[in-house]
Amino acid sequence: MTPLSAGSLVLRKIPYQDAHLIVTWLTDSFGVISTLARHARSSSKRFDAIEPVHTYRVSYREGKGGLAALIEARLLTVRLRLTSDLEALDAAGFVFRWARALLPAKTPEPEVFALIVKFLDDVEGGHVDGKTCAVRTGIRLLELSGYGLSLDACVKCARARPSGRDAYVSPEAGGVVCRACGGGRKVLDDGVLSALRLADEAPLSPDYVRAGLHLIDETVNAHASGGTGGTSGGTR
Ligand SMILES: [Zn+2]
């Protein structure tokens, strides 16, 4: 089979036997693919060091079953700050975990690829708070995956959420659920719900960041396809 080539991000790498790696990539052209990188853990001329947070140009050959053979991986964009800033790395960990859980295998998602590249570049640039950026990216990732949250109106009857008050939220239903429609198991206040639907990059307060990350986590878990390994485990 002819090798395929794509710009790629590392969604996950798992050691395999003594010397190999199984690497799950989000590619710009082919969506999520899993590859076997033979001898990637010993010295290899074909693979640059495979770490999350950088962008690579990879070529691979489709194989039997779900696993492709990685032929080459070359660094395109190196993000050094991200590799050494634990707070930023932690923020990236959320985004990679959500992407793994939400994205089906081998389905091109160019907008999601661009979204995550922008997230990594923004955090690498250091002008934005990493966790705020993760929350904004997570909200958009849910929209692009077809699970956008309804934060201004009841997800069931579309009645506008009264401003200035707490509201019931159901991650499973996909957002605010009014009392008449049965409410949701979470209660979030007006401030956090209004802040989360804004698309700007103003830093969120630590409380709002925590609430946002948690809401996205719960929504992702409610919809996880599991096709790329669910939401558990790290990115390294
Ligand atoms: Zn309702």
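Here, each number is a calculation from the coordinates, and none is a lab measurement. Computed from a predicted model, the values in this text were never measured in an experiment. As a convention, Cβ positions derive from the backbone with ideal geometry for all residues, glycine included, and neighbour counts pool all protein chains shown.
Structure notes:
- Springs join every pair of Cα atoms under 10 Å in this Gaussian network model of the chain, and among 164, 93, 125 the largest mean-square fluctuation is at 164.
- Segment 156-169 - phi-based ³J(HN,Hα) in whole Hz, Karplus 6.51/-1.76/1.60, Gly and Pro as x: 9, 10, 6, 5, 4, 6, x, 7, x, 10, 5, 9, 6, 9
- Take the Cα radius of gyration of segment 4-77 and divide it by 2.2 N^0.38 Å, N being the number of residues; the result is 0.96.
- Tilt relative to the chain, helix 130-144 - C-alpha long axis, 0 to 90 degrees, to 10: 90 degrees
- For the chain, the longest principal axis of the C-alpha atoms and the axis of helix 86-102 are separated by about 90°.
- Normalised by the number of residues in the chain, the mean separation of alpha-carbon contacts (under 8 Å, six or more apart) gives a relative contact order of 18 percent.
- Summed side-chain charge close to residue 155 - residues other than residue 155 whose Cβ falls under 11 Å, Lys, Arg +1, Asp, Glu -1: +1
- Within the shell of other residues whose beta carbon sits under 9 angstrom from the beta carbon of residue 37, the net charge comes to +4, with Lys and Arg scored +1 and Asp and Glu -1.
- Length-normalised contact order for segment 4-77 - Cα pairs under 8 Å, 6+ apart - percent: 31 percent
- Neighbourhood charge, 10 Å Cβ-Cβ cut-off, centred on residue 97 and excluding it, Lys, Arg +1 and Asp, Glu -1: +1
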